[in-house]
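Take a look at the structure set out below.
The values are calculated or read from the model by the stated rules, or taken from the named source; none is laboratory data. Note that the structure is a prediction, hence the values are computed from the model and not measured. With ideal geometry, Cβ positions are generated from the backbone for all residues, glycine too; neighbour counts draw on all protein chains shown. These accessible areas exclude ligands, DNA and RNA; they are computed on the full protein's heavy atoms, side chains included. Shrake-Rupley method; radii C 1.70, N 1.55, O 1.52, S 1.80 Å.
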Amino acid sequence: MIIMSVDLGKARTGIAISDKNESFAFPKTVITEYNTDRLVEKIRLLSKEYEAEMIVVGLPKNMDGSLGFRAEECSIIAEKIKEASSLPVVMWDERCTTVSAHTALNFTDTRGKKRKQVVDAVAAVIILEDYLAFRKNTEGKNV
């Protein structure tokens, strides 16, 4: 199954996609959009373009595991994505993914404007890799 992940941000939203075998996650693009309705439509169009069969949306939990204001916003947007795309949408804990993305970009010496352009897509890859590992370890379960 092809799974698309979404790392929602206030200004930039990272998109990643898995292969059909759910073995690898690839960064695809970063959407720069402030308007929620236009963002949801762009995500819907990308899900069709990439032939996604499921969408995983990052859930920004607080470090103690609680849900704050931003998590609530992301949940509302995820519901809009589900309605617009008619695809199953799963919320997935994204704690520390942006930090991990910055660390990965440090290893590749990606700096400046290029770093700003790709960090959200890399964060989406990390979210998706984590979700794919979960699915692999709970194989046979409908998750």
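Given the structure, is ILE76 over 16 Å from ALA124 (Cβ atoms) and of a type in the set (Val, Ile, Thr)? Walk me through how you get there before you give the answer.
Numbers: over 16 Å from ALA124 (Cβ atoms): yes; of a type in the set (Val, Ile, Thr): yes.
Here the answer is yes, as ILE76 does meet what is asked.
Would you confirm whether or not the stretch 100-117 contains a residue that is modelled with pLDDT under 55, within 16 Å of the chain's Cα centre (by Cα), more than 16 Å from ILE43 (Cα to Cα) and outside any strand (DSSP E or B)?
Looking through the stretch 100-117, at least one residue is modelled with pLDDT under 55, within 16 Å of the chain's Cα centre (by Cα), more than 16 Å from ILE43 (Cα to Cα) and outside any strand (DSSP E or B).
Within the stretch 10-19, work out how many residues are among the small types (Gly, Ala, Ser) and within 10 Å of the chain's Cα centre (by Cα). Give the derivation first.
First pass over the stretch 10-19, keeping only residues among the small types (Gly, Ala, Ser): 11, 14, 16, 18.
Those left that are additionally within 10 Å of the chain's Cα centre (by Cα): 14, 16.
So the count comes out to 2.
Within the stretch 60-67, identify whether any single residue is free of Cβ contacts under 8 Å to residues at least 60 places away in the same chain, in contact with a helix residue (DSSP H, G or I) (Cβ under 7 Å, 6 or more places away or on another chain) and either within 14 Å of GLU83 (Cα to Cα) or charged (D, E, K, R) (or both), and answer yes or no. Spell out the reasoning first.
Looking only at the stretch 60-67, we keep the residues that are free of Cβ contacts under 8 Å to residues at least 60 places away in the same chain, and these are 60-67.
Those left that are additionally in contact with a helix residue (DSSP H, G or I) (Cβ under 7 Å, 6 or more places away or on another chain): 60-61.
Of the ones still in play, those that are also either within 14 Å of GLU83 (Cα to Cα) or charged (D, E, K, R) (or both) are 61.
Yes, the stretch 60-67 contains a residue that is free of Cβ contacts under 8 Å to residues at least 60 places away in the same chain, in contact with a helix residue (DSSP H, G or I) (Cβ under 7 Å, 6 or more places away or on another chain) and either within 14 Å of GLU83 (Cα to Cα) or charged (D, E, K, R) (or both).
Which residue pairs have Cβ atoms under 7 Å apart, sit 6 or more places apart or on different chains, and have a first residue in the stretch 70-85 that is within 17 Å of MET54 (Cβ to Cβ) and in contact (Cβ under 8 Å) with a residue 24 or more places away in the chain and a second that is of a type in the set (Asp, Glu) and open to solvent by 20 Å² or more (accessible area, probe 1.4 Å)?
ALA84/GLU41
For the stretch 1-23, which residues satisfy the criterion of being in contact (Cβ under 8 Å) with a residue 40 or more places away in the chain and either in contact with a His (Cβ under 7 Å, 6 or more places away or on another chain) or exposed (fewer than 15 other Cβ atoms within 10 Å of the Cβ) (or both)?
Filtering the stretch 1-23 down to residues in contact (Cβ under 8 Å) with a residue 40 or more places away in the chain leaves 1-9, 12-18, 22-23.
Result: MET1, SER23.
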